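As structure tokens, the structure follows; a few thoughts come after it.
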Amino acid sequence: MTPTAPQVERRYAAVQGTYWASNCTLRGLMAVFLTFHGFNDAQIGYTSSLVYCFTITLSLLLSAWADRHPDSPLKRTITGLFLCGLAAAAVLYVLPLPMLMLMLVYALNCCFHNCADSILNALMMQYVDNGIPARYGWPRGVGSITYAIMAWVLGVLMERYTPNVILPVFLGLCGLSLLALAFLPDPGPRKLREKQAKVSYVRMLKNNPTLVLLLVACILSGMGQTSATTFLIRVVEKLGGTSRELGVAMFIQAGVELPMMFASGWLLKRFSARGLLVLSFFCSGLRLIMLRLAPNLPVLYGIMFFSMFCFGIFGFASVLFVNSIAGQQEKVRAQSLLSLCYTGGVGGILGNLLAGILIGPLGMDRVLILSATLCMAGAAVMVLCARQYHKQFCQ
């Protein structure tokens, strides 16, 4: 029996909700958790870069394998990633590990969890491609609000106990993700054109300059944004806050994405996905400039509301834009490349290395200025991408 769009949306929202709530724990609060275990800023930067190196390698392998084996359910791949993440987190929770082993196991845990993101996006696009008009925006918005709530809850718990409370919370939430995924209906087989030749990553990019420009823009913007993501705690501390205030800031930042996700259908009827992406990239740079100028915590909280125009738009517009420019046998790989060039991939690797090394000698303020410059460069490349789209697909 073919599932209806509302059924898909509700159950997909449950998966996104539990996934992003668990993502907030180890990945979102990385600096807090690793600082508690004796890591300095440079070591946190190295660990974060290692996370994304692992993520890039595994995601490229998984997405290429998925495109070559369309009969293998994407749900099975996501389930395997969740189980591997559970196992790595259990090792962190049970065993006292030396710093290098802690860095390695932590990076593997985040890698497994990160890799599920792009495949979850590809899974929703599979419903759409198979004629089920399920909306992506509001279910992904549920993920934003659960991320926000979890940030606030963990901020309170870490102040009352210790950052080690993150691990049992992650284990519980990841278990709920597996349960929600089990109830997600089968999207059916992926539709492929039998006569269409299978192409390599290199050929895929060579034949699609629009995609290349989008990925370059994501790398530049991702490099800029990681300083205010991984090291947001340093901005909060500079203004006199602690982990509780960090939780409030993250709650607002993620929570305001929800209205944009719910409004995605309305926005896409009036504006193109590529136009919305241009706006999102420029707003990301402007947000970093405002963070640099924030004089106190109340103003910082106000700036967090501006995030609705950053990832609040990017989250849905980028997925739909990539799906519209990728070939039938390239969709999973294209979604993976999108994730792997933004804050969760190459952009994250370079940005975290840069921020981790420069915060000590330069200070957070100067790093934020550099980060804003990178975001604005990414926005300029996104403008070129929008123009290239018109040349490639509209003529």
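Here, each number is a calculation from the coordinates, and none is a lab measurement. Predicted model only: the values in this text are computed from it and were never measured. All Cβ positions, glycine included, derive from the backbone under ideal geometry; neighbour counts span all protein chains shown.
Around Trp20, under 12 Å between beta carbons, what's the net of Lys plus Arg minus Asp minus Glu among the other residues? Can you show the working numbers first?
Details: positive: Arg27, Arg140; negative: Asp117, Glu257.
Combined, the nearby Lys, Arg, Asp and Glu give 0.
Restricting attention to the chain, give the cysteines that have no other cysteine Cβ less than 4.7 angstrom from their Cβ.
Unpaired cysteines in the chain: Cys24, Cys53, Cys84, Cys110, Cys111, Cys115, Cys174, Cys283, Cys310, Cys375, Cys385, Cys394.
Within 10 Å, at most 10 other Cβ atoms, and a DSSP state outside H, G, I, E, B define an exposed site. Report the longest part of the chain free of exposed trypsin sites (Lys or Arg not before Pro).
The segment 196-395 is the longest one with no such site.
List the pair-distance distribution P(r) of region 226-308, using every Cα-Cα distance, as the percent of pairs falling in each 10 Å bin from 0 up to the bin containing the longest distance, rounded to whole percents.
All Cα pairs considered, the percentages come to 16, 47, 25, 11, 1.
Add -39500 (n - 2.57) for each DSSP H run of 4 or more in the chain, then divide by its residues: what number comes out at 222 nm, to the nearest 500 deg cm²/dmol? Intermediate results must be reported in sequence, preceding the final value.
On the way: 19 runs with 314 residues, N = 395.
Counting only the DSSP helices, I get -26500 deg cm²/dmol.
Run the simple label-point estimate for His69 and Thr162 please: 7 Å along Cα→C-beta, distance reported in nm.
If labels sit at His69 and Thr162, their model points lie 4.2 nm apart.
Between exposed chymotrypsin sites (Phe, Trp or Tyr not before Pro) in the chain, where DSSP calls loop and at most 12 other Cβ atoms lie within 10 Å, what's the longest gap?
Values: sites that count: Tyr161, Phe183.
With chymotrypsin sites (Phe, Trp or Tyr not before Pro) excluded where exposed in loops, the chain gives 184-395 as its longest stretch.
All other residues with a Cβ under 15 Å from the Cβ of Tyr147 taken together, and with Lys, Arg as +1 and Asp, Glu as -1, what is their net charge?
On the way: positive: Arg27, Arg140; negative: Asp117, Glu257.
Surrounding charge for Tyr147 is 0.
Each residue of region 253-265 in order: what ³J(HN,Hα) in whole Hz does its phi give by Karplus 6.51 cos²θ - 1.76 cosθ + 1.60, θ = phi - 60°, with x for Gly and Pro?
Once rounded to whole Hz, the list reads 4, 7, x, 6, 5, 4, x, 5, 5, 5, 8, 4, x.
Roughly how many debye, to the nearest 20, is the charge dipole of the chain about its Cα centre, given +1 on each Lys and Arg Cβ, -1 on each Asp and Glu Cβ, and no other charges? Walk me through the numbers on the way to the answer.
Numbers: 29 positive and 14 negative charges, 207 e Å.
Using Cβ point charges on Lys, Arg, Asp and Glu, the chain gives about 1000 debye.
Give me the net charge of Ile369's neighbourhood, meaning all other residues with Cβ under 15 Å from the Cβ of Ile369; Lys, Arg count +1, Asp, Glu -1.
Details: positive: Arg234, Lys238, Arg287, Arg292, Arg366; negative: Asp365.
Net charge around Ile369: +4.
Top mean-square fluctuation among Pro168, Pro187, Pro96, Gaussian network model of the chain, C-alpha springs under 10 Å?
With Cα springs under 10 Å in the chain, the top fluctuation among Pro168, Pro187, Pro96 is at Pro96.
Using only the Cα atoms of region 274-327, build the gyration tensor, take square roots of its eigenvalues as a ≥ b ≥ c, and label the shape rounded, prolate or oblate: rounded if a/c is under 1.5, else prolate if a/b is larger than b/c, else oblate. Display every interim value, and only then the final one.
Values: a/c = 4.62, a/b = 3.01, b/c = 1.53.
Taking the square roots of the gyration eigenvalues as a ≥ b ≥ c, region 274-327 is prolate.
Classify region 1-102 as rounded, prolate or oblate from the Cα gyration tensor: take a ≥ b ≥ c as the square roots of its eigenvalues, call it rounded if a/c is under 1.5, otherwise prolate when a/b beats b/c and oblate if not. Let's see the in-between values first.
Values: a/c = 2.48, a/b = 1.80, b/c = 1.38.
In terms of gyration-tensor shape, prolate.
Please build a GNM for the chain, connecting alpha carbons under 10 Å apart, and tell me which residue among Asn114, Asn208, Asn23 fluctuates the most.
Judging by the Gaussian network model, the answer is Asn208.
Let me know the number of lysine pairs in the chain closer than 18 Å at the Cα, not counting same-chain pairs under 8 apart. Walk me through the intermediate numbers first.
Details: Lys75/Lys191; Lys75/Lys331; Lys191/Lys331; Lys195/Lys331; Lys198/Lys206; Lys198/Lys331; Lys206/Lys331; Lys206/Lys391.
Total qualifying Lys-Lys pairs in the chain comes to 8.
Just to be sure I understand the curve: with the Debye formula and one point per C-alpha of region 229-275, what is log10 I(q)/I(0) at q = 0.14, 0.29, 0.34 Å⁻¹?
Taken in order of the listed q values, log10 I(q)/I(0) reads -0.51, -1.00, -1.16.
Quick one: helix 273-293 against the long Cα principal axis of the chain, what's the angle to the nearest 10°, folded into 0 to 90?
Approximately 10 degrees, to the nearest ten.
Please compute, over every Cα-Cα pair in region 42-88, the percentage with a separation greater than 13 angstrom.
Working: 711 of 1081 pairs.
Here the tail beyond 13 Å accounts for 66 percent of pairs.
Sort all Cα-Cα distances of region 166-312 into consecutive 10 angstrom bins from zero, then give the percent of pairs in each bin up to the one containing the longest distance.
With a bin width of 10 Å, the distribution comes to 9, 25, 29, 27, 9, 2, 0.
Quick one: helix 41-68 against the long Cα principal axis of the chain, what's the angle to the nearest 10°, folded into 0 to 90?
Once rounded, the angle reads 10 degrees.
One-quarter of the Cα convex hull surface for region 70-197, in nm²?
On the way: hull surface 40.2 nm².
Mean shadow area of the hull around the Cα atoms is 10.1 nm².
Taking Cα centroids, how far is region 325-343 from region 138-153 in Å?
Region 325-343 and region 138-153 have Cα centres spaced 24 Å from each other.
From the C-alpha coordinates alone, can you work out the Kirkwood hydrodynamic radius of the chain, in Å? Don't skip to the end; give the middle numbers.
Working: mean 1/r = 0.0477 Å⁻¹.
It is 21.0 Å.
Report, in degrees rounded to the nearest 10, the 0 to 90 angle that the Cα long axis of helix 209-230 makes with the longest principal axis of the chain.
20 degrees
How high is the relative contact order of the chain, in percent, with contacts defined as C-alpha pairs under 8 Å that are six or more residues apart?
Values: 627 pairs, mean separation 115.4, N = 395.
This gives 29 percent for the chain.
Please check: in the Gaussian network model of the chain (C-alpha springs, under 10 Å), which one of Val128, Val51, Val216 has the largest mean-square fluctuation.
Answer for the Gaussian network model of the chain: Val128.
Say the dipole of the chain comes from +1 at the beta carbon of Lys and Arg and -1 at that of Asp and Glu; which of Leu95, Phe36, Trp20 then lies farthest toward its positive end?
Value: Trp20.
Can you pull a Stokes-Einstein diffusion coefficient for region 322-395 at 20 °C (1.002 mPa s), Rh from Kirkwood over Cα pairs, as a whole number of µm²/s?
Numbers: Rh = 14.5 Å.
Rounded, D is 148 µm²/s.
Need one word for region 231-362: rounded, prolate or oblate. Basis is the Cα gyration tensor (sqrt eigenvalues a ≥ b ≥ c); a/c below 1.5 gives rounded, then a/b vs b/c decides. Each step should come with its number before you reach the end.
Numbers: a/c = 2.53, a/b = 1.52, b/c = 1.66.
Note, shape of region 231-362 comes out oblate.
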